[in-house]
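The values are calculated or read from the model by the stated rules, or taken from the named source; none is laboratory data. A quick note: this is a predicted structure, and the numbers were derived from the prediction, not measured. So basically every Cβ, Gly included, is an ideal-geometry build from the backbone, and we count neighbours across all protein chains shown.
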Amino acid sequence: MAERPETLHKRLAAGELPAVALIAGEEPLLQREAADALRTAARSAGYSEREVLDVEAGFAWGQLTEAAGSLSLFGDRRLLELRMPEGKPGREGSDTLKNYCARPPDDTLLLILCNRLDRAARESAWVRSVAAAGWFVYCWPVAAREMPGWVAERLKRAGLAADREAAARIAEQAEGNLLAADQAVEKLRLLCGEGGQVDAALADQALSDSARYGVDDLADAALAGNLARALRVLRTLREEGVQPPLILWALGRDIRVVARLAAGADETVLQRERIWKRRAGLVRGAAKRGSVAAWRQLLRRCHRVDRAIKGLPPGAPDEELRALVSRLARTVAK
């Protein structure tokens, strides 16, 4: 029932637009690119107004019904964005979404954004309603055996000619992290320019080019309760130009996994979220410290950082990231 992101990009390129779209999954980079592509296509098609609804604790589903029924201030088409990270609308939300999909407004495109949906959620009535009324796009993880090909395609899209070994080297060092692999490709594009030739040696140079720390170093320091080191790594990452979305992705992934382990989830969550062996012990240890409520508070803090990155009040991205790192390190240090 779910389509892959590649299908979405092909349909948008063909000039198609849905009345309703659900973009969910387990790969933040692919989710972001799919959502950005849909937003761009919607703007080009005249959906000039945009309204965002965040589904948080206590969210009133009547807001969606009200937004769908209200008239545009300027008579323009509207993009209505419903951000529901957990993908759990509850009974009221499910009924509201089913009713919306039964009669979607002509002048509104509803974009629903969720993170991982388990099989039961993907087959739920509200998701089936979205798929029937529009598009359901799911961003699956890229399997390890597919990573070299994925990297090679990104290099090609960046206008670079790379040999097979270079793509394999980037895929190996990224360890399944698409954001890290994409960042390496971007470094190579800046280094080589349009039409540049990339071999394994050049790939290694770009991957190690003056990078003192990676985002996993930040997460490791915070999960170990080493606040001073964590803040130092955060400062260095920002000075080196690592962008807040990548930093938040690494921290949010680990906090989400620890929260699930603390709540009693089995360790298959480590595999699903690509927590590799060298970091698994640290994540397990963190799950034994801090209450389930504390980890849920940290998840809410991640959402606050995400809002700041998107330019929404109350804080600035760097300030909110620093607060998140501080709270994370102090939680495991207790």
Residue within segment 313-320 that is within 22 Å of residue 29 (Cα to Cα), of a type in the set (D, E, K, R) and within 14 Å of the chain's Cα centre (by Cα) present: no
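Quick grid of which residues meet (1) crowded, with 18+ Cβ neighbours inside 10 Å; (2) in contact with a Phe, Trp or Tyr (Cβ under 9 Å, 6 or more places away or on another chain):
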position	(1), (2)
9	no, no
18	yes, yes
27	yes, yes
34	yes, no
43	no, no
50	no, no
53	yes, yes
57	no, no
62	no, no
Residue match in segment 283-297 (condition: within 24 Å of residue 142 (Cβ to Cβ) and touching an Asp or Glu at 6+ places or on another chain (Cβ under 9 Å)): yes
Among the residues listed as 329, 286, the single one being under 15 Å from residue 218 (Cα atoms) and at pLDDT 90 or above: 329
Filter pass, residue 199 being among the acidic types (Asp, Glu) and in contact (Cβ under 8 Å) with a residue 40 or more places away in the chain: no
Flag if residue 70 is of a type in the set (Ser, Thr, Tyr) and within 30 Å of residue 256 (Cα to Cα): no
Residues of segment 239-285 satisfying the condition of being in a loop (DSSP other than H, G, I, E, B), more than 17 Å from residue 320 (Cβ to Cβ) and not aromatic (Phe, Trp, Tyr): 240, 241, 263, 264, 265, 266, 267, 273, 274, 275
Inter-residue pairs, beta-carbon under 6 Å, first β-branched (Val, Ile, Thr) and in segment 82-99, second in a loop (DSSP other than H, G, I, E, B), 6+ apart: 96/61
Test for residue 300: is it out of contact with any Ser or Thr (no Cβ under 7 Å at 6 or more places or on another chain), surrounded by 15 or more Cβ atoms within 10 Å (Cβ to Cβ) and outside the structural domain of residue 190 (by TED's automatic domain parsing): no
Residue that is nearest to the chain's Cα centre (by Cα), among those in segment 103-120 that are modelled with pLDDT of 95 or more and over 16 Å from residue 56 (Cβ atoms): 111
Selected residue (only one of 294, 287, 329, 316 is in contact with a helix residue (DSSP H, G or I) (Cβ under 7 Å, 6 or more places away or on another chain), of a type outside the set (Lys, Arg), free of Cβ contacts under 8 Å to residues at least 60 places away in the same chain and closer than 24 Å to residue 177 by Cβ): 287
